[in-house]
Amino acid sequence: MARITLRQLLDHAAERGYGVPAFNINNMEQGLAIMEAAAAVDAPVIIQASRGARSYAGDIMLSKMIDALEEMYPQIPLCLHQDHGNDEATCATAIKYGFTSVMMDGSLKADAKTAADYEYNVDITRRVVEMAHWVGASVEGELGVLGSLEHGGGEQEDGHGLEGKVSREQLLTDPDQAVDFVRATKVDALAIAMGTSHGAYKVSRKPDGEILAMNVIEEIHRRLPNTHLVMHGSSSVPQALQDMFNQFGGEMPQTWGVPVEEIVRGIRHGVRKVNIDTDCRLAMTAIFRKVGASSKVEFDPRKFLKPAMDSMRELCRERFEQFGAAGNASKIKVLPLSEMAKRYRSGALDPRIGGMTAAA
């Protein structure tokens, strides 16, 4: 069995100083591309599904598909993660269908559109942590509202994302509050807000310190050196893929994503999980356009999907190597959920803050 919890995987990544790309999927082709790339470079995998993906594919189909990928690639530790869970039920049903990790995004209310206050976030995240840890599953929390520092708002993705404008303070995770949040909730990983956002249209120019606040990551890591940090909305939106998309009939405005070198900088300061979705979509859809334009009589979906899978596989391979995950899959001995549950109950996995374990 190669199904691994997020906590065990990120503990290993922290020990060895690497980051793990977390790729969103909706279908078989994306899953195969990710696993083929991982197998090629011996990298552990985080596959994550949003509520939109679960609705699109169906929980049973998605669950069985991951079972198949696990059976096809038993040598690759695979974490199945719920991306942006909006309430307790979303997280509980994810665990029911085989997810070994869930994100409780209490930065927004259950409608996934309205900014929540800090007390709400702490309360709902703590309750999800208690539920998940009883069975050994991991929990990622979020503090601060994901959104652009350039235009002061968020981007909707699969029905999730802040609506309207918020203050710059809300778009940046407060380091002091981060310490309190980890202590109060006992999350296994913390997604922080520092200027990244969902979708392709993140910023209108190459990011700098004004619109990508990497200093926030560095300060939170200084105060919480034992907490695994997460960067959301971290597709790099490669220029070559934008150009191909537009060359063959697309109309994507010029945009910039999160530079790989900035992600690597984050990995040096405690970032262990890096969310990537747009890059994978673009890697495939640019090829769809190329095939369609090059052979206007082609109607076999496989002639579109196979080269698209090849393109996504190459992108995933690059990220595994760039983030340092390559070469680590074979070094991990996967622990079952039951063993992780025992460790949670014993207090062995409680957060360590300032050299002290968080009080039960």
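The values are calculated or read from the model by the stated rules, or taken from the named source; none is laboratory data. Just so it is clear, the model here is predicted, and its values are computed rather than measured. Positions of Cβ are backbone-derived with ideal geometry, glycine not excepted, and every protein chain shown enters the neighbour counts. Just so you know, the surface numbers come from the protein's heavy atoms only, side chains and all, with ligands and any DNA or RNA stripped out. Shrake-Rupley method; radii C 1.70, N 1.55, O 1.52, S 1.80 Å.
For the reader, a short list of remarks on this structure follows.
- Check on S167, open to solvent by less than 40 Å² (accessible area, probe 1.4 Å), at pLDDT below 70, polar (S, T, N, Q) and closer than 30 Å to Q254 by Cβ: no
- If the condition is being surrounded by 22 or more Cβ atoms within 10 Å (Cβ to Cβ) and either of a type in the set (A, V, I, L, M, F, W, C) or in a helix (DSSP H, G or I) (or both), then region 272-296 contributes V274, I276, T278, D279, C280, L282, A283, M284, A286, I287.
- Here region 100-138 is the region considered, the condition is being in a helix (DSSP H, G or I) and open to solvent by less than 30 Å² (accessible area, probe 1.4 Å), and the residue that is nearest to I66 (Cα to Cα) is A132.
- Looking across region 1-12, the residues that are surrounded by fewer than 24 Cβ atoms within 10 Å (Cβ to Cβ) and either out of contact with any Cys (no Cβ under 9 Å at 6 or more places or on another chain) or under 20 Å from I276 (Cβ atoms) (or both) come down to M1, A2, D11, H12.
- Region 13-56 - residue that is in a helix (DSSP H, G or I) and among the acidic types (D, E) and, of those, most open to solvent (accessible area, probe 1.4 Å): E15
- Residue count for region 73-91, restricted to those that are surrounded by fewer than 24 Cβ atoms within 10 Å (Cβ to Cβ), over 20 Å from Q8 (Cα atoms) and either in contact with an Asp or Glu (Cβ under 9 Å, 6 or more places away or on another chain) or charged (D, E, K, R) (or both): 3
- On inspection, D83 qualifies as outside any helix (DSSP H, G or I) and charged (D, E, K, R).
- Residues that are among the hydrophobic types (A, V, I, L, M, F, W, C) and either open to solvent by 20 Å² or more (accessible area, probe 1.4 Å) or assigned to a helix (DSSP H, G or I) (or both) within region 223-271 comprise A240, L241, M244, F245, F248, M252, W256, V260, I263, V264, I267, listed in sequence order.
- Meets criteria (at pLDDT 95 or above, polar (S, T, N, Q) and either open to solvent by less than 70 Å² (accessible area, probe 1.4 Å) or not in a helix (DSSP H, G or I) (or both)) for S330: no
- Criterion applied to F320, F299 was being crowded, with 19+ Cβ neighbours inside 10 Å and either touching a residue at least 40 places away in the same chain (Cβ under 8 Å) or not in a strand (DSSP E or B) (or both), and the one residue passing it is F320.
- Long-range neighbours under 6 Å by Cβ, at least six apart or interchain, first residue free of Cβ contacts under 8 Å to residues at least 24 places away in the same chain within region 238-257, second not aromatic (F, W, Y): N246/M252
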